[in-house]
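Student: The structure follows.
The values are calculated or read from the model by the stated rules, or taken from the named source; none is laboratory data. Note that the structure is predicted; figures quoted are calculated from it, not measured. In this analysis, Cβ positions are derived from the backbone assuming ideal geometry, glycine residues included, and neighbour counts consider all displayed protein chains. For accessibility, only protein heavy atoms count, side chains too; no ligands or nucleic acids. Shrake-Rupley method; radii C 1.70, N 1.55, O 1.52, S 1.80 Å.
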Amino acid sequence: MKKIKFLTVIFIAVTVTSQTFAQVAGDYRTKSSGNWKTTSVWEEFNGASWVNATSYPNNSTSDVTIRSGHTVVYNNNRTKVKNLNVESNAKLYKNSPSGPFSIQVYGNITCDGMIGNGVNKDAICLSAEGSSCIIAGTGNCKFHYIEKKTNNNTVTDLEIMMNIETYATNGNAITNSSGANTTLRVFIHPDVNVTSNTKIDLGNCEITIKADQAGNCGSLICPDIEKSTVLNTVVERYIQQDMWHYVSSPVDDPNTFTFNNMYLIWFNEPDSAWTYIINNDSLLTTDMQGYALWAASWLTGSKTIEFKGELNSGSRDIDLTYTAAAPHNSKGFNLVGNPYPSAINWNIDGGWSKTNVNSSIYLWNPLLGNYGVYVEDAPFGTNNVDSIIPAHQGFFVECNYATGNLGVNFIAQAHDGSEFFKTSEAFGEDNFLFTVKGSAEYSDQMVIRFSEEATAGFDTEFDAHKLFGLSAAPQLYSVGRYGDYLSVNAMDYSNCSAVPVRFESETPGLYTFSLSAAQGSNGPWQDPVVLEDLKTGILQNLTLNPDYSFNAEIGDNPGRFLLHYIFISNQHFKDAAIASENDEIKVYSFDNRIYLKASEEFSGEIALYNAMGQQILGKELNNTVFETIEVDSGPGYYFVTVRTDDRSFSRKVFLD
């Protein structure tokens, strides 16, 4: 395969510390739970101490604190406060899903407890009315909607520094209804998630989704965004110098000036060529197109780019190609991209439309020097890639016909990896993740799966071809029944003979082959998984000893390893063996070796005959479940006869 490089954004969590407010005369705090308008719920600070309140809070100069352990039902529309503080284990909500009541905040909000009613819809709303409003904290913050209602301040900066969600399913989730001469400026800070269940109206609003130098970016999920333009919408992305970043635009038809003094290229599947985009004042009009972007240290250095324009929302799609006659090994691989200002989840039912598209996605992991691959609905992928595709991230998919199409919609949007990750029961029953690593930082992984739905050939919904990484990095992959090089190899139980595994590295030295994860259909995996090193002749049960160390040299045969699965307790294998009349003892061959494996220990004898009926080998078997026989009589067909106390059968095998 052609070796293609790109960078995936790494999300690093940051903690936003809660704000603190000094106590001044006229501030309020709760002394018990109850309704907002009930005076006995409140204490007021008189400048020296807290005393029983004579009225409920309703003043734009008063700080209000809902204290830990207290729940306040907000039952007064358009109450004014300065700073609002909801402590840990405290709650402020309307206690009704209808009849929205807004609380007008002229300062900041700290929510370490709960605003709203959690997963249950609630009608408490936020009116941000000061010159600045910072929403921060460690709790759960949900409003029916967020607005700027008054013109007391011409400009209000709403700084969102914690995850928030709006309940409303109609109308506007975020809006400025205070008039044409005012502006609500919304800033979604890095590593902060904003979720809207209805449209956002950016009339008389501005929105900036920020990024930082650690690779974190803000995330917005919204089904529809109105009045978003190049003048009021900015999405940031940080580009580290001197490495390729794969990007996709979260705004419609971005101008190439976004990438001024940077190298921007796109991948053309028919000829496997990268093409530079050199016009510095043109529109990129293809939805969901992926690009590779490079910021040179001598030209721009590391840089935060700004996508400006109409935020993408709704459904997007891109046409794909597979050029069967192309003289390269990247046939069918198309560089596409996430079109939204949030992550998207490859597993979401109803979130994608796929025409002639395989079920695998490929993201580059520069730290490991290899692609990570994930197959839809699988319990895990390789090289730290799962079902989550980061915001405005480029990635590869594989088209399997002359033309294809990939579409995505609002349903697939997700915030990082926190939502809807499946450990699917719909896929295979037994899943195995293998890792190879040397002394350097680079490594590679592959997956072997068994499923009653898989076949011996390449399954577009279960298997994934290998995309090769850096030449300096080790490459690990298995070989399918018909010669496909696979990062993910799914097969049915009746075809689970020896699995050829290839290892390549241009760097000689000591490596470790490991069974990193094993998911069994009946709980933790216990049956033997035997690794055979064809160079040394060593066999090792990776279930008991998961790490196998070996020396690699320049010129080694890449086809160095075999994997043998000994299904003792697995009922799927037993059913498949009985159905194929193998009597739970499977005989198979690879190169000049014959293998026997069974689902339970047996004793007896084995005899090997050539095509002329001459016996060339005999061997006793004692309490074994796995046996290897090396044959030096040359290639051809042979007959294997197995006799035990209660059974006898013969099988024909071919030796290379």
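Student: So for region 115-164, taking the charge dipole from beta-carbon charges (+1 Lys/Arg, -1 Asp/Glu), which of Val155, Gly116, Gly139 sits furthest toward the positive end?
Tutor: The listed residue farthest towards the positive side: Gly116.
Student: Let me ask another. Report the calculated FRET efficiency for Asp281 and Thr229 (r = Cβ-Cβ distance, R0 = 22 Å), to the nearest 0.05. Mind showing how you got there, number by number?
Tutor: Values: r = 18 Å, r/R0 = 0.82.
So, using R0 = 22 Å, E works out to roughly 0.75.
Student: What's the extension gain from Asn52 to Glu601 if we count 0.36 nm per residue and subtract their Cα-Cα distance?
Tutor: Working: separation 549, 0.36 × 549 = 197.64 nm, distance 8.10 nm.
This chain segment gains 189.5 nm when fully extended.
Student: Name the residue from Val41, Met243, Thr382 whose Cα lies farthest towards the positive end of the charge dipole of the chain, charges +1 on Cβ of Lys and Arg and -1 on Cβ of Asp and Glu.
Tutor: Sorting the options by dipole projection puts first Val41.
Student: What is the magnitude of the charge dipole of the chain about its Cα centre, with +1 placed on the Cβ of each Lys and Arg, -1 on the Cβ of each Asp and Glu, and no other charges, expressed in debye to the nearest 20?
Tutor: 2060 debye
Student: Sorting check: for 442-448, 94-100, which peptide has the highest mean count of neighbouring beta carbons within 10 Å, and how do the rest follow?
Tutor: Values: 442-448: 25.3, 94-100: 15.0.
Descending packing order for the listed peptides: 442-448, 94-100.
Student: Could you pull out every one of the lysines with an alpha carbon less than 22 Å from that of Lys82, ignoring same-chain neighbours closer than 8 positions?
Tutor: Lys31, Lys37, Lys91, Lys94, Lys142, Lys148, Lys149
Student: Using only DSSP helix segments of four residues or longer, with each worth -39500 (n - 2.57), what per-residue ellipticity at 222 nm results for the chain after dividing by its residue count and rounding to 500?
Tutor: Numbers: 1 runs with 9 residues, N = 656.
The helix contribution divided over the chain gives -500 deg cm²/dmol.
Student: Now for a separate question. What is the distance, in nm, between label points placed 7 Å from the Cα along the Cα-to-Cβ direction at Ala517 and at Val119?
Tutor: Here the modelled spin labels are 2.5 nm apart.
Student: Further question: Which order do peptides 238-250, 138-150, 173-185 fall in by mean Cβ count within 10 Å, highest first?
Tutor: Per-residue mean Cβ counts within 10 Å order the peptides as 138-150, 238-250, 173-185.
Student: Take the Cα gyration tensor of the chain, multiply each eigenvalue by 5, square-root it, and list the three semi-axes largest first, rounded to whole angstrom.
Tutor: Values: eigenvalues 712, 177, 80 Å².
Over the Cα atoms of the chain, the ellipsoid semi-axes are 60, 30, 20 Å.
Student: Can you figure out the FRET efficiency of Trp298 with Asn329, using R₀ = 41 Å and their beta-carbon distance, to the nearest 0.05?
Tutor: On the way: r = 33 Å, r/R0 = 0.82.
In this case the efficiency is close to 0.75.
Student: Residues with beta-carbon under 14 Å from that of Ser249, excluding Ser249: net charge, scoring Lys, Arg +1 and Asp, Glu -1?
Tutor: Working: positive: Arg237, Lys308, Arg316; negative: Glu236, Asp252, Asp253, Asp287, Glu306, Glu310.
Once positives and negatives cancel, what remains is -3.
Student: Within a Cβ distance under 15 Å of Asn216, other residues only, what is the Lys/Arg minus Asp/Glu net charge?
Tutor: Working: positive: Lys210, Arg237; negative: Asp191, Asp212, Glu236, Asp416.
My count for the surroundings of Asn216 gives -2.
Student: What are the residues whose amide H is under 5 Å from the amide H of Thr183, where those residues sit 5 or more places off or on another chain and H is modelled from the backbone?
Tutor: Here the answer is Val155, Thr156, since their amide H atoms fall under 5 Å of that of Thr183.
Student: Kindly state, to the nearest 0.05, the FRET efficiency for Asn77 paired with Glu461, given R0 = 56 Å and r defined as their beta-carbon distance.
Tutor: Working: r = 53 Å, r/R0 = 0.95.
Taking R0 as 56 Å, the efficiency between Asn77 and Glu461 is 0.60.
Student: Let me ask something additional. For the chain, what is the relative contact order in percent, using Cα pairs closer than 8 Å and at least 6 residues apart in sequence?
Tutor: Numbers: 1913 pairs, mean separation 49.1, N = 656.
Relative contact order here is 7 percent.
Student: Now a separate question. Per residue, how much accessible area does the chain have with a 1.4 Å probe, in Å²? List each step's numbers first, then the result.
Tutor: Values: 26120 Å² over 656 residues.
Here the per-residue accessible area is 40 Å².
Student: If you roll a 1.4 angstrom probe over the protein chains with everything in place, what fraction of the accessible area of the chain belongs to carbon and sulfur, to the nearest %?
Tutor: Values: 12130 of 26120 Å².
Answer for the chain: carbon and sulfur cover 46 percent of the accessible area.
Student: Continuing with the same structure: Would you tally the net charge around His189, using a Cβ to Cβ cut-off of less than 14 Å, leaving His189 out, and scoring K and R as +1, D and E as -1? Could you put the intermediate results ahead of the total?
Tutor: On the way: positive: Arg185, Lys210; negative: Asp157, Glu159, Asp191, Asp212, Glu236.
My count for the surroundings of His189 gives -3.
Student: OK, next. Gain in length, Gln213 to Asn152, computed as 0.36 nm per residue apart minus the alpha-carbon separation, to one decimal in nm?
Tutor: Details: separation 61, 0.36 × 61 = 21.96 nm, distance 3.59 nm.
Length gained, Gln213 through Asn152: 18.4 nm.
Student: Taking the Cα centre of region 297-378 as the origin, how large is its charge dipole in debye, to the nearest 20, when only Lys and Arg (+1) and Asp and Glu (-1) carry charge on their Cβ atoms?
Tutor: Working: 5 positive and 7 negative charges, 58 e Å.
About 280 debye.
Student: Further question on the same structure: Among rounded, prolate and oblate, which fits region 273-358 when a ≥ b ≥ c are the square roots of the eigenvalues of its C-alpha gyration tensor, a/c under 1.5 means rounded, and a/b larger than b/c means prolate?
Tutor: Details: a/c = 2.04, a/b = 1.20, b/c = 1.70.
Note, shape of region 273-358 comes out oblate.
Student: Ranking request for peptides 602-611, 216-225: highest mean number of other beta-carbon atoms within 10 Å first, then the rest in descending order. Intermediate results must be reported in sequence, preceding the final value.
Tutor: Numbers: 602-611: 15.9, 216-225: 22.6.
Peptide ranking by packing, descending: 216-225, 602-611.
Student: Right, another one. Can you say what percent of the DSSP beta bridges in the chain, counting only those with both residues inside, are antiparallel? Round to 5.
Tutor: On the way: 131 of 197 bridges.
So the antiparallel bridges in the chain amount to around 65 percent.
Student: Just going by the charge dipole of region 254-372, with Lys and Arg at +1 and Asp and Glu at -1 on Cβ, which of Ala295, Trp352, Ile278 is farthest out on the positive end?
Tutor: Selected residue: Ala295.
Student: Leu655 accessible area, nearest 10 Å², 1.4 Å probe?
Tutor: The accessible area comes out at roughly 0 Å².
Student: Roughly how big is region 358-512's charge dipole about its Cα centre, with Cβ charges of +1 (Lys, Arg) and -1 (Asp, Glu), in debye to the nearest 20? Numbers along the way, then the final one.
Tutor: Details: 6 positive and 20 negative charges, 95 e Å.
Value, rounded to 20: 460 debye.
Student: Please compute the modelled spin-label separation between Asn400 and Asn170, points set 7 Å along Cα→Cβ, answer in nm with one decimal.
Tutor: Between Asn170 and Asn400, the simple spin-label model gives 4.3 nm.
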